[in-house]
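Input: a single structure, listed below in structure tokens.
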Amino acid sequence: MEIDIEKWIDESPKNLQLSRQAVHVILKAISGDSDLRAGMIIKGGTLLGIRYGSDRYTTDIDFSTGKKLSDIDLDNFEESFNEALDISEAMLNYGLKCQVQSHKIQPNPQGTFPTIKIKIAYCMRSNESHMKRLKEKNAPLVISIDYSFNEQSYNTEILELGDDSDGLKAYGICDLLAEKIRSVLQQVPRERNREQDIYDINFLLTTLGEFSNDEKYKILDSLLHKSEGREIDNFLNKDGILDPEIKRRSGERYLDLKDTVNELPDFEESYEKIVTFFQSLPWELFGK
């Protein structure tokens, strides 16, 4: 799938163009480096923006890999990432400097599903004060990356960024929806709120229209696999999403999204659409 990422940048509000250029530098760096490209599969809100046209503002980029955290050396990973960023900067010629500012592991390196939280600092090379702070690893402008390990992918595609790189691995629509739905269900055991996933799922269902029976099968199959070990087995049935605590957490901060999107759909209508879709999945074929 070819992506017009320059159009995504050009059509953004002026105050977002610099951050989107930084995202472009980062994505090109990953797609242009064989080791990074092989292990980092993009998902989440940024993917919805560049692939499906979502206007929800985010400065995060989410990636997954089937690898275990022990499979990589973090110092070598950071060094390789910085080298790839240098090459990408030169090729895109935005006048930007991007650099890994920090990384930390959450919840802990021994966890079953650890995530590396990476901050990529960026600034214009012409801004001397910002360049100084970037070198000191104290830059004010950052793109946050969540890089999740031990996350299997079942339906992926290649995004071509309109250049001579080998493309970027991305979640296909079935994995993307499966992961978004899983995050909604996980709100209860994790005691967190994922109002953005309600917006994102509703956006995809509204934008893409009807899904085929085969697609619904793949979504549910992916959801069940991705939910293993996540403490949500009691929600993995046709009526699981009707749990009132899931709805309460989904809507608690939903109105906060109004500052991140052009138009915020009604929560009740959005949630009902998601419930209808969830219940239309072929649960009976999986004995659920």
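Worth a mention:
- Cα-projected label distance for Asn237 with Glu160, points at 7 Å along beta-carbon direction, nm: 4.7 nm
- Note that the chain presents 48 Å² accessible area per residue, ligands and nucleic acids not counted, probe 1.4 Å.
- Note on the chain: with a GNM built from Cα contacts shorter than 10 Å, the maximum mean-square fluctuation among Thr65, Thr46, Thr207 falls on Thr207.
- Net charge contributed by nearby residues that have their C-beta within less than 15 Å of Arg125 (K/R +1, D/E -1): +1
- Projected-area mean, segment 1-42, by convex hull of Cα positions, square nanometres: 3.2 nm²
- Using distinct alpha-carbon pairs, which all enter the 1/r mean, Kirkwood radius of segment 171-288 in Å: 14.4 Å
- With a threshold of 25 Å on the Cα-Cα distance, the over-threshold entries among Lys97/Lys258; Lys67/Lys180; Lys7/Lys169 are Lys97/Lys258.
- Applying 0.36 nm per residue to the separation of Glu191 and Asn15 and subtracting their alpha-carbon distance, the gain on full extension is 60.0 nm.
- Ranked from largest, the principal axis spans of the Cα set of segment 96-147 equal 43, 16, 12 Å.
- Over segment 128-218, all Cα pairs binned in 10 Å intervals from 0 give whole-percent P(r) values of 12, 30, 30, 20, 6, 1, listed from short to long.
- Over 30 Å between alpha carbons, listed pairs Lys226/Lys247; Lys117/Lys288; Lys14/Lys132: Lys117/Lys288
- The alpha carbons of segment 54-131 give a radius of gyration and a Dmax of 14.9, 43 Å, in that order.
- Each part gets one Cα centre, and for segment 106-144 versus segment 166-223 those centres are 28 Å apart.
- Normalised by the number of residues in the chain, the average gap of Cα pairs under 8 Å and 6 or more apart makes the relative contact order 18 percent.
- Share of Cα-Cα pairs in the chain lying beyond 28 Å, as whole percent: 39 percent
- Helix 74-92 vs. the chain, principal-axis angle (Cα, 0 to 90°, nearest 10): 70 degrees
- Put simply, segment 1-156 fits an ellipsoid with semi-axes of 24, 20, 14 Å; these come from the alpha carbon gyration tensor as the roots of five times its eigenvalues, largest first.
The values are calculated or read from the model by the stated rules, or taken from the named source; none is laboratory data. Fair warning: this is a prediction, and the values are worked out from it, not measured in the lab. No Cβ is skipped: glycine too gets one built from the backbone with ideal geometry, and neighbour counts run over all protein chains shown. To get the accessible areas, we keep the full protein, side chains included, count just its heavy atoms, and leave off ligands, DNA and RNA. Shrake-Rupley method; radii C 1.70, N 1.55, O 1.52, S 1.80 Å.
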